Each structure stands twice: as structure tokens, then as C-alpha cells.
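S.K.: What follows is a structure written as C-alpha cells; I'll ask about it next.
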Amino acid sequence: MSVTTYNVIGTRPIRHDGADKVTGRALYGADLQLARMVHGAVLRSPHAHARILRLDTTKAAAHPGVFAVVTAADFPPAPTDKIVDFGEGDTLLSSLRGNILASGKVLYSGHAVAAVAAVNAHVAAEAVALIEVDYEPLPCVLTAPAAMAPGAPLLHEGLANGNVAEYVRHEIGDLAAGFAAATVIVERELNTATVHQGYIEPQNATAFWSSDGRVHIWCSTQGSFVARDASAAVLDIPVSQVRVTPMEIGGGFGGKINVYLEPVAALLSKKAGRPVKMVMSRRDVFTGTGPTPGSRVRVKIGVDAAGKITAAQAWLAYEAGAYPGAMVGPGAMTVFACYDIENVLIEGFDVVVNKPSTAAYRAPGAPNSALATETVLDEIAEKLGIDPLELRLRNAAKEGTRRADGPRYKRIGCVEVIEAMKASAHYNAPLPGPHCGRGVAIGYWFNIGLPSSATLSVNADGTVNLIEGSTDIGGSRTSLSMQGAEVLGIRAEDVHPTIVDTDSVGYTGVTGGSRTTFATGLAVYEAAQDVVTQMKARAATLWGTKEVEFSNGTFSSGSNSFSFAQLAAQLGATGGPVVGSAAVNPRGAGGSIAGLIIDLKVDPETGKTDVLRVTSVQDAGKAIHPAYVEGQMQGGTAQGIGWALNEEYFMDGSGDMRNSSYLDYRMPTALDLPMIETIIVEVPNPGHPFGVRGVGEANIVPPLPAVANALYRAIGRRLHSVPMNPATILNL
Amino acid sequence: MATVFIPTVVRPRLGGLAQLEASGTTVGELLIDLEARYPGLSQFLLRPNLAISVDDEVTPLGVLEPVRPDSEVHFIAAISGG
């Protein structure tokens, strides 16, 4: 456990953007107003799969108040093999552009076909209705098994195998020998529905294509540089010609990494000669952006009489949606990642279907596969008469454990998380009565590094301005400022963070992969070290010495000493401003293990499930701001519970989503959940000076299986598909 | 000699070999060594959405990453996150 003492880290200062957020002064994309700005709207396909026979925008273009109309034909030609780099995830330019505006065929209901810019949103909507499209409807496929079946309608030509875009396989040891050594073998098949990240703020983008050829985009994005690079690729212009200003973001959870409106608004602006603003409706968000994949996962695990896993096998088929990229790779890498298993075979299939092209969602791919593994283990624990956490503890991955995909773990906190679960008050409390069940599960997420940049400039009053490029979704302004403050020996409140546009800071990767507090935090740490070095030189000048010490915010040499603020006041007389900068591309992100304990009660008459008590446990490495770590744990847990119990894209047979509003897409609210208890485990990450591990994602992995296991204990039967809603429970 | 682990889906192209010894001081040099013995192998290892792991750490340097004689090199799915 972490024992280092800090002055700032581990405290709970008020977030720097708090006042603006709670008073409504914070500016989101929909708030943006520019001179001569006009408004865009998108025409979307009513068909899940159809050939576009005729697309006529003549009447829309002639409609009074319309400034521009664009279709896919307005994009520059796309090379079929050009790759767009999203950091550690890439996509084909042709797929990216095809998803933004359809060409030739529409591949899902909601697929964008054309867009209009008009004097206001109402006129834009009228003009969209005047666009004439003749479709030739084609048969659609909506699930991975259906799309993999012989004779299934094909979405694309030239994929690896029909609708299978990619096949992944990991194999270690001797699977047959492992199963032969098992006392108990359980094999089950689990299904998950397509679900959405459910961020409150819809996608939006405003663009102005200036007469000098530069494009300025204001948008809600998890990564301003990714939005810049992707938009530049789609528009076939140099990245230096695009400037992206990230507005405040009302949630993303992985769903705001891809671009949808940005290049369209830019094209409309180029034609209109004015800034063009586009804001999605909720239905646009559901049907026109990227949900997370539905999946079918089959897991077979063998365990010997001592409770040691002898072999494990998994088969995963994930729905990519209309274009390849279903996150089955990470699903396959995480399916058994919590455990030390010698004999493993994992096969995964990335399958295109006639649904919206999927996007990342907190620990993408991992909840789907963990649902299968963790429910099978629960069943095995019962058969062997072993406590379910004890079974996990006996097989927990440790430092040096080799994953099935090859690499061995550095220091991880799997054992510590399970032990914290076992020791928790919740796990040792009795259930309150009949029809109640308790479930447990654990899960893993890798976390990532990627580049980040930061600049710190010292003010004469002893405060510091922090310039950085990470979109702040969960309080990262504060978690970054705290790391700078810790190094400089000042208060967190004395660091003033600003998130700037892509022209104003060095390249910074997405706020995703649980990387911001780790990687941008490391950039701030290094920039602060740079400041300290420069400040020591200033003190040396003042004192006429070469040796200056710095500790706890005090510069000293012999009998001389200055606080940080005292020395900051002297900078003007010792050479001028002190500005510290750093750019990093770190390795050693340090994966995180999370666990969940959940108590449920099921009404036998209605099938309604009430969540009685929840405890989320997670290894944070070192919690910079414990309240924000707890918030991440609670948020991921709430989303996972919603995914498990109620959320789904309810599609009709023609591929149309029939519940595309928050009235019908049943996300949990504060009324549905108790206060989620949290236990932060701190196993420091050796790859970060403060031991930070990202905490944004692993917490959504265990809720699905923990809910499934709790439901089994409440109703005595196992469900094998999520959502496990009242109708499913009553139909058992 | 460093050890290069072959992704399972590529192993059939090498007669089922799971790992190969290769010489060099960087990942790139290892691949040049392997390419001489197994022409065309690199194209299956250096692909979009595959990251390079050296000694159990995904490297931001890719083929420029230094390796030691006892290093392990893996080609694994690139992880992004949400």
C-alpha cells in the first residue's frame, strides 16, 4: 500500500471549474454564438441497408434561407487504404468518411446522407425534408451470429471473411491437457445488447472555413488533436490548417473520440462562407453516433478440486456496427486478464452489422467478456463449495503473470482488490430478507499512455498558470493542478488551469483510456520540475551561490531562504518570466483492477429489481483527488448497472431503433440507485512518480457479471443475456 | 538473441512456430533479421491496430525501441479506451 506523505495529493480541494459549472457560466458547444453564423441539419437514412439510387438536393439548395448543401460527393476522393491515427486506435479513412456521409449505400438506420446549412435550424430542417433520395432497400443483419451465418447479406466487399472484418486468436499452454486436469468444467454462452454511453450533452460542432484556407472548429470532443487530425484527413487538408477549440464537455465515456459533425460543418462553412453550427438531437445521438457493441461470448473454464483454474477457452463475436472496429481485440485480451491461467485459447471475431458504427465506451470490450467469465466462475465456485471471492483469490493475476496475449504483468493490485472486497463491511453483512441476492465480480482494464504536453508560467504573486490540452471530463483540471502544486510546494488553488486549442499547446492525446491524470499529469509534473530548476537558478543569482535546495515549497541556501511566492516576486529582477514546459509520451500506464459487491431484491410478482447496496472497489495506484476517484468509481458502476438491468437498443426487424429517447432508453437515475460505497485500494504504479493508475474505466467491467450473479441468488435461475430486465425475469 | 513472439493468427504462415530468436539492438533490426529468414513476415507484424510490447511494456517508439539480448517482443492489439 502507498505510504508516501504528500501535502496536496490525497486532499480534496474544490474543483477549479466548479463555480462556472454550477452557475451556468461554463460554455458548451451549443452555447457558442458567432457573427453571421448559420445552422446545419443532417438528412439521415430511414433504412438499415439500402442502395442509394438517386440523391437530388436541387430543391433544398433553392429553398429560401439555405446557404449550402453537401453530400459525400463534396468530400475529396478517399484512398481506400489510408489510415487515420487516433492514437493507439486507427481506422481506414474510407470507413471514417463513409460513416460521416454515406456514399453508394446506407448501412444503418440513421446513417447520414446529406447536410444543409440555413439561416436557422428550422429552415435547415425544412430544407432537409426537400432532399430527394431513392433507395433500393436491401436485406439487413442486426446481430453478429446472423451476420456470420452462411448466406448472410454482405455490408462490404473485401472484408476478411464475409461480414467478419478481423479474427483474433490468443493461445498459450495445452488446452486439452488443462481441461483433462479439471474436476469441474462449466461452459456458458452470454449475450449483451447494444448500449449507448448515455452522455447528457449531444454531439455538436461549429466550423468556420476562413478565406485564408484555415478551418476553425469548436466542438465537444474528448480529444481536440484527434478531432483536428481526423477532420484534416477527411477534408484532405494539412493538420496545420485546422484549429480545434474544445468546448466544455457534458460527458463522453469514449463516445466523443470519433468525429461526426466536424467535417460536415467545415464543408458547409466552406460553401456558405459563414460559420456553421450543428447540434445533434437525442435521436441523432442514438442512431448517428457510436454505441458499444452487442456481443455473444462463449466461455468454458475448468477448475481442479483445489480451486485452481486448469484451462479456459473463450469465443467472442462482437458487433462492429456498419464499419470494422468492434473492440473485440481488448475484449479478447481482458476475458481472462484477472487470472493466472496456464492453458488458454481465445478466439474473437469483429463482425459488421447494420447498426450504427460502434465506438469506445469505458473499458471498451471488457464488460462484454467479463460477463461470461465472471458468471462461469461464480457457477464453478458454487459447485465446488468455495466462496466466490476465495476462488478468485486463488487464481488472481500477480506481478509476472503472463496474459494469454503474451506480455507479463508489472505490479498490479488484483490480490489487494479481492482482499479488500472480502474484508469489506458489505461483504460480511447479512442480506436483508427473501428474494434478495448478493453478487460479486472483478474486472481489468489496461489504461494507456500516449503523448501529452503542458506549460506552467509563474506569476509574480506566487501562483502558476497551467496551459494544457486535455479535455476535462471528470475533474482533470484539478487532478493535474494538484500534481503541479505538489511539486512546487504551493496550494492546488494557486495553480490556474486553462484548456486551450490545438494551436496553443503541444500535441495531447485523447481524454480516454484512463490516461489524463497519468499522462498529462506526468507532463505537468515534468513542467513543474522544469520550473523548480529555473527558480533555483534565480535564487542562486540572488544569493550569489551555486547550491540551492528546494523542499516543501522553500528554496534555501545556507541561512538564505525564500518561499515559492517570495521568489516568484523576484523574477522580474532576476531575468524575467519563468516558464516550464514538458512534452511526454510515457510508458508504464499501469492497469487497474476493479471489483463490485452488489445486493439486489427482485419482486417475484413484477420482476422488478431493486438495487439495495453497492460497494465498488478499485486500485487507483495513488488517488490524487480521492473524491474524483470515488466519482469515477460511482459513475462507472452506475453505468454498468444500467447496462446489466435495463439498457438496450430496442431494434425492430427492419433495423430501426424504437427507443431513441431518454424516456424509453432506460438509464438508471439517482432514484434507482442507493449511494454507491467505495473502497480505494492503492497499489502504486511504478510507472508514475506519484504512483497514479487511471481510474476511469475498470469500474464498469464488474457490474454486469456482479448483477447477473446477484440475480441468480435472488431468483434461483441464471440469466444469460443482458439486459436482465423485468420482462426477461418473468419469462424465465 | 531477443525472442519475438508470433501472434497466433500469424503462426500458420511459419509452420506453427510460436516464437523466434532474432538478433539486433532495436525492434526494427530484429524484424530485418527475421525478414531475411522469413520473407514477408514483417507485413503481418507491423499492422494498424497492433502495438509493440517490449519486455512487457507497450512502447511508444515502435520499431525504434531498443532491445536487449534477453528481451521479449510481442505484437498485441493496440488499446485505446473510452
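The values are calculated or read from the model by the stated rules, or taken from the named source; none is laboratory data. All values reported here derive from a predicted model rather than from experimental measurement. Reconstructed Cβ throughout: ideal geometry from the backbone, glycine too, with neighbour counts over all protein chains shown.
S.K.: Look through region A:1-12, keep the residues that are among the hydrophobic types (A, V, I, L, M, F, W, C) and in contact (Cβ under 8 Å) with a residue 24 or more places away in the chain, and return whichever of them is surrounded by the fewest Cβ atoms within 10 Å (Cβ to Cβ).
M.R.: Initial filter on region A:1-12 (among the hydrophobic types (A, V, I, L, M, F, W, C)): A:1, A:3, A:8-9.
Retained after the next criterion (residues that are in contact (Cβ under 8 Å) with a residue 24 or more places away in the chain): A:1, A:8-9.
Numbers: A:Met1: 8, A:Val8: 23, A:Ile9: 22.
Among residues in region A:1-12 that are among the hydrophobic types (A, V, I, L, M, F, W, C) and in contact (Cβ under 8 Å) with a residue 24 or more places away in the chain, the one surrounded by the fewest Cβ atoms within 10 Å (Cβ to Cβ) is A:Met1.
S.K.: Could you tell me which residue of region A:341-351 is surrounded by the fewest Cβ atoms within 10 Å (Cβ to Cβ), considering only residues that are away from chain B (no Cβ under 12 Å) and in contact with a Gly (Cβ under 7 Å, 6 or more places away or on another chain)?
M.R.: Checking each candidate, the answer is A:Glu342.
S.K.: Same structure, new question: Have a look at A:Phe208, A:Phe225 and point out the one that is outside any strand (DSSP E or B), buried (at least 18 other Cβ atoms within 10 Å of the Cβ) and in contact (Cβ under 8 Å) with a residue 60 or more places away in the chain. Steps first, answer last, please.
M.R.: Values: A:Phe208 fails: outside any strand (DSSP E or B).
Of the residues listed, the single one that is outside any strand (DSSP E or B), buried (at least 18 other Cβ atoms within 10 Å of the Cβ) and in contact (Cβ under 8 Å) with a residue 60 or more places away in the chain is A:Phe225.
S.K.: Moving on. Given the conditions (1) out of contact with any helix residue (DSSP H, G or I) (no Cβ under 8 Å at 6 or more places or on another chain); (2) crowded, with 18+ Cβ neighbours inside 10 Å; (3) under 30 Å from A:Lys601 (Cβ atoms), and given that A:Gly433 satisfies all but one, which numbered condition is not satisfied?
M.R.: (2)
S.K.: Oh, and also: Which of (1) within 14 Å of chain A (Cβ to nearest Cβ); (2) within 17 Å of B:Val10 (Cβ to Cβ); (3) in contact with an Asp or Glu (Cβ under 7 Å, 6 or more places away or on another chain) does B:Ala22 not meet, given it meets every other one?
M.R.: (1)
S.K.: For A:Ile418, which of the numbered conditions (1) more than 25 Å from the chain's Cα centre (by Cα); (2) away from every other protein chain (no Cβ under 14 Å); (3) closer than 23 Å to A:Phe336 by Cα fails to hold?
M.R.: Just one mismatch for A:Ile418, condition (1).
S.K.: Sticking with this structure for a sec: Step by step: first the residues of region A:39-62, then only those that are assigned to a loop (DSSP other than H, G, I, E, B), buried (at least 20 other Cβ atoms within 10 Å of the Cβ) and not hydroxyl-bearing (Ser, Thr, Tyr), then the one that is farthest from the other protein chains (Cβ to nearest Cβ). Which residue is that?
M.R.: Looking only at region A:39-62, we keep the residues that are assigned to a loop (DSSP other than H, G, I, E, B), and these are A:45-49, A:57.
Still in the running and buried (at least 20 other Cβ atoms within 10 Å of the Cβ): A:45, A:47-49, A:57.
The next check asks that each one be not hydroxyl-bearing (Ser, Thr, Tyr); those that pass are A:47-49.
Details: A:His47: 29, A:Ala48: 25, A:His49: 26 Å.
Only one residue fits best here, namely A:His47.
S.K.: In region A:352-367, which residue that is within 12 Å of A:Pro703 (Cβ to Cβ) and not charged (D, E, K, R) is surrounded by the most Cβ atoms within 10 Å (Cβ to Cβ)?
M.R.: Of everything passing the filter in region A:352-367, A:Ala363 is surrounded by the most Cβ atoms within 10 Å (Cβ to Cβ).
S.K.: All but one of (1) more than 14 Å from chain A (Cβ to nearest Cβ); (2) crowded, with 17+ Cβ neighbours inside 10 Å; (3) on the phi < 0 side of the Ramachandran plot; (4) not in a helix (DSSP H, G or I) hold for B:Thr8; state the number of the condition that does not hold.
M.R.: Only one criterion in (1) more than 14 Å from chain A (Cβ to nearest Cβ); (2) crowded, with 17+ Cβ neighbours inside 10 Å; (3) on the phi < 0 side of the Ramachandran plot; (4) not in a helix (DSSP H, G or I) is unmet by B:Thr8, namely (1).
S.K.: Here is a follow-up. Which of the residues spanning region B:57-77 are surrounded by 16 or more Cβ atoms within 10 Å (Cβ to Cβ) and either farther than 18 Å from A:Gly331 by Cα or not β-branched (Val, Ile, Thr) (or both)?
M.R.: Taking region B:57-77 first, the residues surrounded by 16 or more Cβ atoms within 10 Å (Cβ to Cβ) are B:57-60, B:63, B:65, B:67, B:71-77.
Those that are surrounded by 16 or more Cβ atoms within 10 Å (Cβ to Cβ) and either farther than 18 Å from A:Gly331 by Cα or not β-branched (Val, Ile, Thr) (or both): B:Glu57, B:Thr59, B:Pro60, B:Val63, B:Glu65, B:Val67, B:Ser71, B:Glu72, B:Val73, B:His74, B:Phe75, B:Ala77.
S.K.: Scan B:Gly16, B:Gly82, B:Gly28 and give me the residue that is without any contact (Cβ under 8 Å) to a residue 40 or more places away in the chain, assigned to a loop (DSSP other than H, G, I, E, B) and closer than 27 Å to A:Val584 by Cβ.
M.R.: Details: B:Gly16 fails: closer than 27 Å to A:Val584 by Cβ; B:Gly28 fails: assigned to a loop (DSSP other than H, G, I, E, B).
One residue alone meets the criteria, B:Gly82.
S.K.: Hey, another quick one. Name the helices (runs of 4 or more DSSP H) wholly inside region A:88-168 in which the number of residues that are over 30 Å from A:Ala232 (Cβ atoms) is 3 or more. Talk me through it step by step, then tell me what you get.
M.R.: On the way: elements: A:93-100, A:121-129, A:144-148.
Here the list reads A:121-129, A:144-148.
S.K.: Tell me, which strands (runs of 3 or more DSSP E) wholly within region A:434-537 include 3 or more residues that are more than 14 Å from chain B (Cβ to nearest Cβ), without any contact (Cβ under 8 Å) to a residue 40 or more places away in the chain and farther than 19 Å from A:Asn552 by Cβ?
M.R.: Working: elements: A:436-445, A:452-458, A:464-468, A:495-499.
Once the strands (runs of 3 or more DSSP E) in region A:434-537 are filtered for at least 3 residues that are more than 14 Å from chain B (Cβ to nearest Cβ), without any contact (Cβ under 8 Å) to a residue 40 or more places away in the chain and farther than 19 Å from A:Asn552 by Cβ, nothing remains.
S.K.: Kindly indicate whether A:Val234 is free of Cβ contacts under 8 Å to residues at least 24 places away in the same chain, touching a helix residue (DSSP H, G or I) at 6+ places or on another chain (Cβ under 7 Å) and not assigned by TED's automatic domain parsing to the domain that holds A:Asn343.
M.R.: Details: free of Cβ contacts under 8 Å to residues at least 24 places away in the same chain: no; touching a helix residue (DSSP H, G or I) at 6+ places or on another chain (Cβ under 7 Å): yes; not assigned by TED's automatic domain parsing to the domain that holds A:Asn343: yes.
Here the answer is no, as A:Val234 does not meet what is asked.
S.K.: Follow-up. Which one of A:Val276, A:Val264, A:Val242, A:Val259 is of a type in the set (Val, Ile, Thr), crowded, with 20+ Cβ neighbours inside 10 Å and farther than 17 Å from A:Ala30 by Cα? Even if it seems obvious, please write down each step before you answer.
M.R.: Details: A:Val276 fails: farther than 17 Å from A:Ala30 by Cα; A:Val264 fails: farther than 17 Å from A:Ala30 by Cα; A:Val259 fails: farther than 17 Å from A:Ala30 by Cα.
Selected residue: A:Val242, the only one of A:Val276, A:Val264, A:Val242, A:Val259 that is of a type in the set (Val, Ile, Thr), crowded, with 20+ Cβ neighbours inside 10 Å and farther than 17 Å from A:Ala30 by Cα.
S.K.: Sticking with this one: Taking A:Met327, is it under 23 Å from B:Ser80 (Cβ atoms) and at pLDDT below 95? Even if it seems obvious, please write down each step before you answer.
M.R.: Numbers: under 23 Å from B:Ser80 (Cβ atoms): yes; at pLDDT below 95: yes.
The answer is yes for A:Met327.
S.K.: Considering only residues that are free of Cβ contacts under 8 Å to residues at least 60 places away in the same chain and closer than 28 Å to A:Ala48 by Cα, look in region A:304-325 and name the one that is surrounded by the fewest Cβ atoms within 10 Å (Cβ to Cβ).
M.R.: Just the residues of region A:304-325 that are free of Cβ contacts under 8 Å to residues at least 60 places away in the same chain, to begin with: A:314-316.
If we keep only those that are closer than 28 Å to A:Ala48 by Cα too, we end up with A:315-316.
Values: A:Trp315: 19, A:Leu316: 27.
Selected residue: A:Trp315.
S.K.: Pull out all pairs, ordered by first then second residue, where Cβ-Cβ is under 6 Å, the residues are six or more apart or on different chains, the first lies in region A:574-585 and is away from chain B (no Cβ under 14 Å), and the second is among the acidic types (Asp, Glu) and not in a strand (DSSP E or B).
M.R.: A:Gly580/A:Asp530; A:Ala582/A:Glu526
S.K.: Go through region A:613-662 and give me each residue that's under 14 Å from A:His196 (Cβ atoms), assigned to a helix (DSSP H, G or I) and in contact with a helix residue (DSSP H, G or I) (Cβ under 8 Å, 6 or more places away or on another chain).
M.R.: Hits for region A:613-662 are A:Gln639, A:Gly640, A:Trp643.
S.K.: Okay, next question. Any idea which of (1) surrounded by 22 or more Cβ atoms within 10 Å (Cβ to Cβ); (2) more than 20 Å from the chain's Cα centre (by Cα); (3) within 30 Å of A:Gly621 (Cα to Cα) is the one A:Met675 doesn't satisfy?
M.R.: Failing condition for A:Met675: (1).
S.K.: Within region A:13-27, which residues are of a type in the set (Gly, Ala, Ser) and surrounded by 13 or more Cβ atoms within 10 Å (Cβ to Cβ)?
M.R.: Pass one, region A:13-27, residues of a type in the set (Gly, Ala, Ser): A:18-19, A:24, A:26.
Answer for region A:13-27, where residues must be of a type in the set (Gly, Ala, Ser) and surrounded by 13 or more Cβ atoms within 10 Å (Cβ to Cβ): A:Gly18, A:Ala26.
S.K.: Filter region A:174-190 down to the residues that are under 33 Å from the mean Cα position of the chain (by Cα) and surrounded by fewer than 20 Cβ atoms within 10 Å (Cβ to Cβ) and list them by number.
M.R.: Initially, region A:174-190 is screened for residues under 33 Å from the mean Cα position of the chain (by Cα), giving A:186-190.
Selection gives A:Val186, A:Glu187, A:Arg188, A:Glu189.
Rundown of residues vs (1) within 26 Å of the chain's Cα centre (by Cα); (2) not β-branched (Val, Ile, Thr), yes/no style:
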| site | (1), (2) |
| --- | --- |
| A:Asn7 | no, yes |
| A:Lys21 | yes, yes |
| A:Ala48 | no, yes |
| A:Val119 | no, no |
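S.K.: Would you check which residues across region A:540-558 are outside any loop (DSSP other than H, G, I, E, B) and surrounded by fewer than 24 Cβ atoms within 10 Å (Cβ to Cβ) and list them? Give the derivation first.
M.R.: Of the residues in region A:540-558, the ones outside any loop (DSSP other than H, G, I, E, B) are A:540-543, A:549-551, A:554-557.
Answer for region A:540-558, where residues must be outside any loop (DSSP other than H, G, I, E, B) and surrounded by fewer than 24 Cβ atoms within 10 Å (Cβ to Cβ): A:Ala540, A:Thr541, A:Leu542, A:Trp543, A:Glu549, A:Phe550, A:Ser551, A:Thr554, A:Ser556, A:Ser557.
S.K.: Right, another one. Can A:Ala314 be described as more than 14 Å from chain B (Cβ to nearest Cβ) and either over 18 Å from A:Arg362 (Cα atoms) or in contact with a helix residue (DSSP H, G or I) (Cβ under 8 Å, 6 or more places away or on another chain) (or both)?
M.R.: On the way: more than 14 Å from chain B (Cβ to nearest Cβ): no; either over 18 Å from A:Arg362 (Cα atoms) or in contact with a helix residue (DSSP H, G or I) (Cβ under 8 Å, 6 or more places away or on another chain) (or both): yes.
For A:Ala314, the condition - more than 14 Å from chain B (Cβ to nearest Cβ) and either over 18 Å from A:Arg362 (Cα atoms) or in contact with a helix residue (DSSP H, G or I) (Cβ under 8 Å, 6 or more places away or on another chain) (or both) - is not met.
S.K.: If you don't mind, another one. Among B:Thr3, B:Thr59, B:Thr25, which is the only one that is at pLDDT below 95 and among the hydroxyl-bearing types (Ser, Thr, Tyr)? Walk me through how you get there before you give the answer.
M.R.: Working: B:Thr3 fails: at pLDDT below 95; B:Thr25 fails: at pLDDT below 95.
So the residue among B:Thr3, B:Thr59, B:Thr25 that is at pLDDT below 95 and among the hydroxyl-bearing types (Ser, Thr, Tyr) is B:Thr59.
S.K.: Regarding A:Tyr507, is this residue under 23 Å from A:Gly252 (Cα atoms), surrounded by fewer than 24 Cβ atoms within 10 Å (Cβ to Cβ) and touching a Pro at 6+ places or on another chain (Cβ under 8 Å)?
M.R.: Details: under 23 Å from A:Gly252 (Cα atoms): yes; surrounded by fewer than 24 Cβ atoms within 10 Å (Cβ to Cβ): yes; touching a Pro at 6+ places or on another chain (Cβ under 8 Å): yes.
It is true that A:Tyr507 is under 23 Å from A:Gly252 (Cα atoms), surrounded by fewer than 24 Cβ atoms within 10 Å (Cβ to Cβ) and touching a Pro at 6+ places or on another chain (Cβ under 8 Å).
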